[in-house]
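The values are calculated or read from the model by the stated rules, or taken from the named source; none is laboratory data. The shown structure was predicted, so the numbers you read here are calculated from the model rather than taken from an experiment. Cβ placement follows ideal geometry from the backbone for every residue including glycine, while neighbour counts extend to all protein chains displayed.
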Amino acid sequence: MSSWYDQSKQCIALRKHVLRVDLCIFIDKETAFSNESFLDSTIKSLVTASIIKGLDIIGVLSEDNPNIGWKAYKMAESQKMDIKVIPGQTYICTGKELLYVYKLQQPLPKNLSIEKVCEIAHKNGGFVVAAKVTKRQVANLEKLQGSTYAPDAVEIFNDKTGGFRDYNIDFIKFISSGSTSANELEISNSFTLMDRHKLDEIGLLGELEKVDYTPKYLDPQQGV
């Protein structure tokens, strides 16, 4: 009789090819926390809850600043947590568009247009998602599409804020939980299933996480 490990290697692991993605897990500004320890425990609680839920990639967002997202990223890396954390910030443009901007090291300056935010983000290796898109904003997004001034994707549903916003525009589309606590994350059924090839193509995977990546639970074990 073959071992569980041999059996697992013979099957196609869903998680190896199709990943569970939630790009909107929100944590308050650092000033909302009484001390660093409370902030760290909040971050760890949300990242751990994401792993328990079976998520593979999460976006950790805070208002106007990516610092907390980077704390979550470093925590997951240093503690070898089996999850990919993408740090980000929310941003409200001069035209009132709400954006999630990921992978930037520094907070964006205030009072920028959507075109300028996207331009800065893309020049610095960032990724931009337009959220709460209104019918009025759709026309402008379609004009910008395909340029460096356009977001990379749109959020069509957020469990926290509600409202399905799929206006049949030709952007990559995400569904998010919008969770702000481990309890909310546990209750929410909202996330996006996305092919690993697509995540690689849009730049949300690291060099060692691309199509040949093997999840930790399928890694060869010493002595097996």
query = In the list L55, L112, L39, L61, which residue meets the criterion of being surrounded by fewer than 22 Cβ atoms within 10 Å (Cβ to Cβ) and in contact with a Ser or Thr (Cβ under 7 Å, 6 or more places away or on another chain)?
reply = L112
note = Y91: passes all of (1) under 18 Å from W70 (Cβ atoms); (2) out of contact with any Leu (no Cβ under 9 Å at 6 or more places or on another chain) but (2)
task = Would you mind finding the one in V129, V117 that is of a type in the set (V, I, T) and touching a residue at least 40 places away in the same chain (Cβ under 8 Å)?
result = V129
request  = Could you please let me know if K96 is of a type outside the set (V, I, T) and on the phi > 0 side of the Ramachandran plot?
outcome  = yes
query = So is A76 under 21 Å from D152 (Cα atoms) and in contact (Cβ under 8 Å) with a residue 12 or more places away in the chain or not?
reply = no
note = Within the range 138-167, residues of a type in the set (D, E, K, R), crowded, with 16+ Cβ neighbours inside 10 Å and in contact with a Phe, Trp or Tyr (Cβ under 8 Å, 6 or more places away or on another chain) come out as D152, E155, R165
query = How many residues are over 17 Å from I86 (Cα atoms) and in a loop (DSSP other than H, G, I, E, B) if we restrict to the range 155-208?
reply = 17
task = Residues being more than 22 Å from V117 (Cβ to Cβ) and either charged (D, E, K, R) or out of contact with any strand residue (DSSP E or B) (no Cβ under 8 Å at 6 or more places or on another chain) (or both): count how many of those fall in the range 150-200.
result = 17
task = Filter the range 80-95 down to residues that are over 14 Å from C24 (Cα atoms) and either under 15 Å from the mean Cα position of the chain (by Cα) or in contact (Cβ under 8 Å) with a residue 12 or more places away in the chain (or both) and give me whichever is surrounded by the most Cβ atoms within 10 Å (Cβ to Cβ).
result = C93
inquiry  = Pairs please, first residue from the range 145-167 and closer than 14 Å to V128 by Cβ, second anywhere and modelled with pLDDT of 95 or more and among the small types (G, A, S), Cβ atoms under 6 Å, 6+ apart in sequence or on different chains.
reply    = P151/A130; V154/A130; E155/A131; E155/S176
